[in-house]
Amino acid sequence: MQSRRSIFSFTSCQSVSRLPDWAGGCFEEPADGGVAQAMSLITYVTRIHFADHVLEHALESELEALGAKRPLVLCDRDGARDLVLGRLTLAIPRSVRAHYLTLTETRVTREACDKAAELYREQACDSLIAFGSATACDLAKVAAIRITHEGTLCSYLGSEGGMARIRNVLPPLLAIPTVAGAGADVSGVAMIAMEEGPNHAVISPHLIPRVVICDPTLTLDLPPKRTASTGMDALTHCMETFISSAFNPPADGMALDGMRRAFGNLERAVAYGDDLEARREVMAAGLNGALAQQKGLGGVHAMSNALCGLGLGQSDHGAITGVLLPLVLEFNAPAAEARYEDIRRELALSQATGVGQAIVGLRERVGLPDCLSALGADAATLEQAACFAARDHANRTNPRKADASDYLALLQEAL
Amino acid sequence: MSTALAVHHGPFGRVALYNLDRSMTLHAHREGHLIFHVQGPPGSIDIEGEQYPLEPGQGVAVSPWQPHNYCCLHPGKPSLYLTLYIKPFWFLDASRRASASLRFGRSPIDVTETINRLVFKIAGAMLEDADDSYVAGYLYGLTQESFDQSWQWIAEGASFTRCAPPVRDFRVRNAIKLMREKVSERVVLDRIARGAGLSRPHFYKLFRQQVGITPNMYLNTLRMENAIDRLVTSIDPVTDIGLDLGFSSQASFTRFFIANVGIAPSDYRRIVHFADAA
């Protein structure tokens with residue numbers, strides 16, 4: 001394991017492969033190798049650098065380790081901020097020739113993906129760098145499929161059984177987040193907007209970036225509004241995964257730790273943008289939430305994915321989650337109340353304070369809106385959004401079974 | 001006469017489109033089992049004494065080794081079902097549960113829009129002989145969708161399926177081992193019981209306690225698996241396969257096969273398709 005100057009360079013590989021079945025294993029035949037997927041119940045394999053100013057130190061050696069001579073850098077608006085993009089340009093070693101593509105939209109479209117793939121081929125690139133927030137990372141993942149796989153993008157969507165068809169031939173991907181709440185850096189999922197309808201997920205373990213460089217100093221110039229919404233997103237990832245219906249103890253641990261860091265430091269990071277300690281804590285929370293996400297999300301993300309697919313809140317996913325989280329917590333209470341006690345303890349809330357109430361308080365303090373209409377949602381789209389939400393893959397692990405009518409009620413309440 | 005429109009075997013296990021017009025006998029599988037109504041009159045499944053409807057909007061999940069049987073409510077009128085037998089190990093990574101890798105939380109599965117779409121996609125792909133990776137991908141999605149739903153809390157009652165105890169008794173383990181070794185011979189359970197050092201009644205009681213099903217049913221499962229395996233991997237005549245499994249005639253073997261699998265062994269062999277490893 002190379003450990004250069006990062007606080008930690010963490011390469012862990014855990015996999016709980018075969019849990020005993022109720023027959024104590026005595027019915028099981030030996031593993032027959034008939035496993036179509038490379039993942040297991042719990043999978044943590046990403047190499048992550050996390051330190052102040054680590055970008056300049058880690059980039060050169062990681063590019064070398066990946067054999068990347070001609071990376072294509074994919075930026076979104078969070079990566080295109082002068083200060084951070086300037087740092088990246090300077091950090092790329094002279095022997096490496098990078099090409100840049102900046103995505104102006106806030107969601108990944110098929111056109112953007114084709115454009116990236118075309119540039120990649122044209123310039124004979126050999127690797128991808130995602131620079132910015134989840135959008136850049138999603139674009140890089142989808143472009144990687146476009147570059148190496150034949151046929152239409154449609155046939156690789158998770159909803160079309162595409163997971164089985166994505167092969168381990170993708171170019172190496174290095175992710176560098178410049179916001180705190182990014183979740184795409186360590187996941188094997190990418191969201192893409194098709195022409196009509198909801199956003200679609202592309203899912204494969206091969207999509208997980210090979211290396212992530214988390215440098216909290218890259219978030220120092222993030223405006224307060226973006227800080228608040230990405231931080232709220234991080235907190236939501238932690239809470240949703242913690243109460244989700246799946247089993248993943250390491251994810252639970254990370255989620256609890258992450259929610260404490262986010263809850264305790266977000267306000268400071270928003271108010272005092274140059275407070276490096278608060279920035280570091282919130283970025284750590286973002287990383288925790290992102291790693292924990294493999295356990296599965298829930299209703300908040302089912303609805304925010306749906307709204308995003310309908311064109312609302314492409315720019316403000318975090319603000320939407322902030323509106324929805326307290327409502328979903330209340331809806332899920334009959335199924336997950338026991339877990340709320342753990343959350344209360346972790347956040348050191350008094351007995352009288354509900355978890356949802358605490359979120360509402362934080363939301364006010366960081367200046368995020370308290371209703372969807374403030375974000376431009378319109379009552380006419382809610383029915384459609386509720387249907388999309390019921391279909392969303394995040395709905396599968398919501399602790400309480402929710403259908404379109406449940407989501408419609410929640411969305412109407414949130415409006 | 002029940003028939004099959006398509007049967008696919010693959011790394012995932014088995015998936016079949018059965019047109020059933022008669023009830024089946026009580027049996028169990030080591031695979032996770034999902035059944036969805038595609039067309040025809042509704043039917044139902046009896047799982048451990050409880051009836052669950054199989055109709056548009058309502059599918060059924062059966063956990064590995066849960067005894068169940070299909071009940072035809074309109075004999076003679078066929079109903080088409082998409083029937084999945086998913087190998088737990090294939091599905092392992094998605095199960096995300098600490099209990100048995102493919103034990104469902106609840107038997108009834110609401111056919112949501114997503115599930116309905118996947119059911120018809122799989123049925124369509126099987127009938128059209130589409131690229132195998134499509135079938136595998138959709139199967140994965142369908143199993144995961146159903147599995148996760150079965151563990152979500154619902155207002156009507158959060159009663160999840162009980163957790164059967166693990167087989168701890170070494171005598172029962174020995175008996176299971178003996179049955180596995182002797183499945184291709186004429187197995188006499190008395191001899192198995194004796195081999196395990198138990199009297200016949202004690203053996204039956206202990207086996208049920210520890211495994212959850214009777215030794216006969218367990219043996220039937222082994223026979224069924226063995227029969228399917230030989231039908232699809234060998235060219236041995238059906239009669240020989242039946243005789244080797246201890247049946248006195250082809251007719252009795254065929255009856256057994258129809259009652260446990262749904263269709264006749266010769267039909268099964270004719271229709272099976274091997275999916276490439278996805």
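The aspartates and glutamates within cross-link reach of A:LYS225, meaning a Cα-to-Cα straight distance under 12 Å and a gap of 8 or more places when in the same chain, are A:GLU267, A:ASP316.
Under a Gaussian network description of chain A, with springs only between Cα atoms under 10 Å, the residue in A:THR106, A:THR178, A:THR241 that fluctuates furthest is A:THR106.
Take each peptide in A:373-385, B:9-21, count the other Cβ atoms within 10 Å of every residue, and average; sorted highest first, the result is B:9-21, A:373-385.
For the residues of B:119-131, the average number of beta carbons from a partner chain within 10 Å of their own beta carbon is 1.
Classify the range B:3-150 as rounded, prolate or oblate from the Cα gyration tensor: take a ≥ b ≥ c as the square roots of its eigenvalues, call it rounded if a/c is under 1.5, otherwise prolate when a/b beats b/c and oblate if not. It comes out oblate by the Cα gyration axes. Taking a ≥ b ≥ c as the square roots of the Cα gyration tensor eigenvalues, chain A comes out rounded, since a/c falls below 1.5. The DSSP beta bridges internal to the protein assembly as shown are antiparallel in roughly 65% of cases. Exposed loop sites, defined as GluC sites (Glu not before Pro) outside DSSP H, G, I, E and B with at most 13 other Cβ atoms within 10 Å, are absent from the longest region of chain B, namely B:1-127. Each Lys and Arg Cβ is given +1 and each Asp and Glu Cβ -1; about its Cα centre, the protein assembly as shown then shows a dipole of about 2140 debye. Along the charge dipole of chain B, which of B:GLY105, B:PHE36, B:ILE271 sits closest to the positive end, that is, farthest toward it, with unit charges on the beta carbon of Lys, Arg, Asp and Glu (+1, +1, -1, -1)? Value computed over the given set: B:GLY105. Only Cα pairs within less than 10 Å get springs; with that Gaussian network setup on chain A, which residue of A:HIS57, A:HIS237, A:HIS301 has the largest fluctuation? It is A:HIS57.
Its DSSP H runs of at least 4 residues, each contributing -39,500 (n - 2.57), put the calculated 222 nm mean residue ellipticity of chain A at -14500 deg cm²/dmol, to the nearest 500. Rounded, prolate or oblate: pick one for the protein assembly as shown, where a ≥ b ≥ c are the square roots of the eigenvalues of its C-alpha gyration tensor, a/c under 1.5 means rounded, and failing that, prolate if a/b is larger than b/c, else oblate. Cα axes put the protein assembly as shown in the prolate bin. Neighbours of A:ALA136 by Cβ distance under 13 Å: Lys/Arg scored +1, Asp/Glu scored -1, total -1. Among A:224-231, A:344-351, B:147-154, A:284-291, sorting by the average number of other beta carbon atoms lying within 10 angstrom of each residue, highest first, gives A:284-291, A:224-231, B:147-154, A:344-351. Under the membrane-span-like helix rule (DSSP H runs whose alpha carbons stretch at least 20 Å along the helix axis, mean Kyte-Doolittle hydropathy -1.0 or higher), chain A yields A:134-148, A:224-243, A:249-271, A:276-292, A:317-346.
Separation of the range A:255-319 from the range A:63-114 is 23 Å, based on Cα centroids. Screening chain B for whole DSSP H helices with an alpha carbon extent of at least 30 angstrom along the helix axis and a mean Kyte-Doolittle hydropathy of at least 0.0 yields nothing. With the simple model of a label 7 Å out from the Cα in the direction of the Cβ, A:GLU330 to B:PHE170 spans 6.0 nm. Modelled spin-label separation between A:SER405 and A:GLU383, with each label point placed 7 Å from Cα along the Cα-to-Cβ direction: 1.5 nm. The alpha-carbon of A:LYS141 sits under 23 angstrom from the alpha-carbons of these lysines, leaving out residues fewer than 8 places away in its chain: A:LYS69, A:LYS115, A:LYS295.
The lysines within cross-link reach of B:LYS121, meaning a Cα-to-Cα straight distance under 21 Å and a gap of 8 or more places when in the same chain, are B:LYS87. Taken residue by residue and averaged, Cβ atoms of other chains lying within 10 Å of the Cβ of B:133-140 number 6. Peptide A:393-399 shows a mean partner chain C-beta count of 5 within 10 Å per residue C-beta. Taking B:PRO237, B:PRO64, B:PRO108 as the candidate residues, the one with maximal mean-square fluctuation in a Gaussian network model of chain B, Cα springs under 10 Å, is B:PRO237. Say R0 is 35 Å: what FRET efficiency, to the nearest 0.05, do A:ASP274 and A:ALA348 get from their beta-carbon distance? In this case the efficiency is close to 0.85. Between the alpha-carbon centers of the range B:11-50 and the range A:201-225, tell me the distance in whole angstrom. If you average the Cα positions of each part, the centres end up 46 Å apart. Here each label is just a point 7 Å from Cα along the line to Cβ, and for A:HIS99 and B:ASP229 those points are 5.4 nm apart.
A short reminder: the numbers here are calculations on the coordinates, not readings from a lab. As the structure is a prediction and not an experimental result, all values here were calculated from the model. As a convention, Cβ positions derive from the backbone with ideal geometry for all residues, glycine included, and neighbour counts pool all protein chains shown.
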